[in-house]
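To keep things clear, I will list the structure first and then write my remarks on it.
The values are calculated or read from the model by the stated rules, or taken from the named source; none is laboratory data. These figures come from a predicted structure and were not determined experimentally. A quick note on method: Cβ atoms are made from the backbone with ideal geometry, for glycine too, and the neighbour counts reach across all protein chains shown.
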Amino acid sequence: MASMSRETASHIPTVTEPPSRAEFLENHVHPERPLLIKGLAKDWPAREKWSLDRLRADLHNHPKVKDRGVFFVSKKPVLQDDIVMPDFLEGILKSDDVMPDSIAWRFWINKKHNKTVFHYDTNAENVITVQVKGCKEWVLVSPDTPLPSYPFTNFTLLKDEAKLLRNKEAYTFDLEEGDLLYVPPLWFHRAVAKEEVNININWTFTKKATSVVTREFRRETERCDLLHTFKTSKSALVRGAYGMAIKALPNVGGIGWGLKSFVASPYRPSRTALTGRFFKELFQIPGTLMTLPAVRATLKKVDKT
Ligand SMILES: O=C(O)CCC(=O)C(=O)O
Ligand SMILES: [Fe+2]
């Protein structure tokens, strides 16, 4: 329905044919709106070739691939014979609008019931994920109606999910075998594996600039600015406290900004905004400490098969 507003649309935009690069950029990457492409990878050799053990062994033995615990990651293309990068994406990764140091290939190998808890990907990553085998139930939440996060992190407080999603712009859907999903920057997500064998591959990239300034984008800008200030502080005390906090907080491969430059945008936080952000994050601490053990246990439990 054309008249339906974003807030009331309950289904993620879905297509059965891949868009052209121009369409994908205009309708999804530039406005940072998600997209589900059904059946894109149905003819990939990987669907036949990959098994949990085989892929895990291949990735472990691959000199370019690092095991990050919850996923495997490579900065260079790997296993290219088994997969077919969509044309629209190939052009984007080569374009001048993307930070070269942001491009990565990631692999998720999960058994049934594995749950990745609510978070958004750091470095304002755009994530293209393809469900090569199995199926996962996803929930995506817009950064216009952000979820509450652990202080200074990209992880969301563990709470009753129905309560958490009340009045949010959220989509719940199954990513089935062969489907591709575009997760725009700072969209919160969680995923639960539904089959015995679940393998998904990601391509990630960060845009050099954005014009989409959502509520979470403002928080992210302020959060990263503050973390950078602590990390590079002249005071050893501040640097020490920063190091301790990073170790204590829920974290998969870092919570700060890890790329050479930050995303260019119309938003420049004032000193007042940064101070306000600092106290807002601190005020979350008492309420979050209680659930920290549960969150850490959940993150540890993420299976490493
Ligand atoms: O597949 C999952 O369990 C989580 C995937 C995810 O968080 C991501 O692709 O960024
Ligand atoms: Fe993620």
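Pairs, please: C-beta under 8 Å, at least 6 apart or cross-chain, first residue closer than 19 Å to residue 132 by Cβ and in region 14-43, second in a loop (DSSP other than H, G, I, E, B) and among the hydrophobic types (A, V, I, L, M, F, W, C)?
Partner pairs satisfying both residue conditions: 18/40; 35/12; 36/12; 41/83; 41/84; 43/84.
Please go through region 129-170 and give me each residue that is touching a Gly at 6+ places or on another chain (Cβ under 9 Å), in a strand (DSSP E or B) and hydrophobic (A, V, I, L, M, F, W, C), ordered by number.
130, 132
Just to be sure, is residue 173 outside any strand (DSSP E or B) and among the hydrophobic types (A, V, I, L, M, F, W, C)?
So residue 173 fails the test.
Filter region 175-196 for residues that are over 14 Å from residue 37 (Cβ atoms) and within 13 Å of ligand 1 (Cβ to nearest atom) and give the result.
Of everything in region 175-196, those that are over 14 Å from residue 37 (Cβ atoms) and within 13 Å of ligand 1 (Cβ to nearest atom) turn out to be 184, 185, 186, 187, 188, 189, 190, 191, 192, 193, 194, 195.
Could you list all residues from region 108-124 that are closer than 30 Å to residue 225 by Cα, β-branched (Val, Ile, Thr) and either more than 8 Å from ligand 1 (Cβ to nearest atom) or touching a helix residue (DSSP H, G or I) at 6+ places or on another chain (Cβ under 7 Å) (or both)?
117, 122
Return the residues of region 143-163 that are in contact with a strand residue (DSSP E or B) (Cβ under 9 Å, 6 or more places away or on another chain), modelled with pLDDT of 90 or more and among the aliphatic types (A, V, I, L, M); say none if nothing qualifies.
Within region 143-163, 147 is the sole residue that qualifies.
Can you report the number of residues in region 127-185 which are under 26 Å from residue 86 (Cα atoms) and polar (S, T, N, Q)?
Total satisfying the criteria: 4.
Here is a yes/no grid of residues against (1) basic (Lys, Arg); (2) exposed (fewer than 14 other Cβ atoms within 10 Å of the Cβ); (3) touching a helix residue (DSSP H, G or I) at 6+ places or on another chain (Cβ under 7 Å):
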position: 22; (1), (2), (3): no, yes, no
position: 36; (1), (2), (3): no, no, no
position: 39; (1), (2), (3): no, no, no
position: 43; (1), (2), (3): no, yes, no
position: 53; (1), (2), (3): no, yes, no
position: 83; (1), (2), (3): no, no, yes
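If I filter region 252-272 for residues that are buried (at least 16 other Cβ atoms within 10 Å of the Cβ), of a type outside the set (Val, Ile, Thr) and not in a loop (DSSP other than H, G, I, E, B), do I get at least one hit?
No, every residue in region 252-272 fails to be buried (at least 16 other Cβ atoms within 10 Å of the Cβ), of a type outside the set (Val, Ile, Thr) and not in a loop (DSSP other than H, G, I, E, B).
Taking region 157-200 as the search range and keeping residues that are of a type in the set (Gly, Ala, Ser) and within 18 Å of the chain's Cα centre (by Cα), which one is nearest to ligand 2 (Cβ to nearest atom)?
191
So residue 147 clears everything in (1) surrounded by fewer than 20 Cβ atoms within 10 Å (Cβ to Cβ); (2) within 16 Å of ligand 2 (Cβ to nearest atom) except one condition, right? Which one?
Just one mismatch for residue 147, condition (1).
Identify the residue in region 103-114 that is part of a strand (DSSP E or B) and within 25 Å of residue 217 (Cα to Cα) and, among all such residues, is nearest to ligand 2 (Cβ to nearest atom).
Step by step, filter region 103-114, then rank; the result is 106.
Could you grab the pairs with beta carbons closer than 6 Å, sequence gap of 6+ or different chains, first residue in region 163-183 and closer than 20 Å to residue 126 by Cα, second one assigned to a helix (DSSP H, G or I)?
Between residues of region 163-183 that are closer than 20 Å to residue 126 by Cα and residues that are assigned to a helix (DSSP H, G or I), the close pairs are 182/28.
For region 59-102, give me the residue count where each residue is in a strand (DSSP E or B) and over 14 Å from residue 252 (Cβ atoms).
As a first pass, look at region 59-102 and keep what is in a strand (DSSP E or B): 65-67, 72-74, 98.
Those left that are additionally over 14 Å from residue 252 (Cβ atoms): 65, 74, 98.
Matching residues across region 59-102 total 3.
For region 103-130, how many residues are among the basic types (Lys, Arg) and closer than 22 Å to residue 165 by Cα?
1
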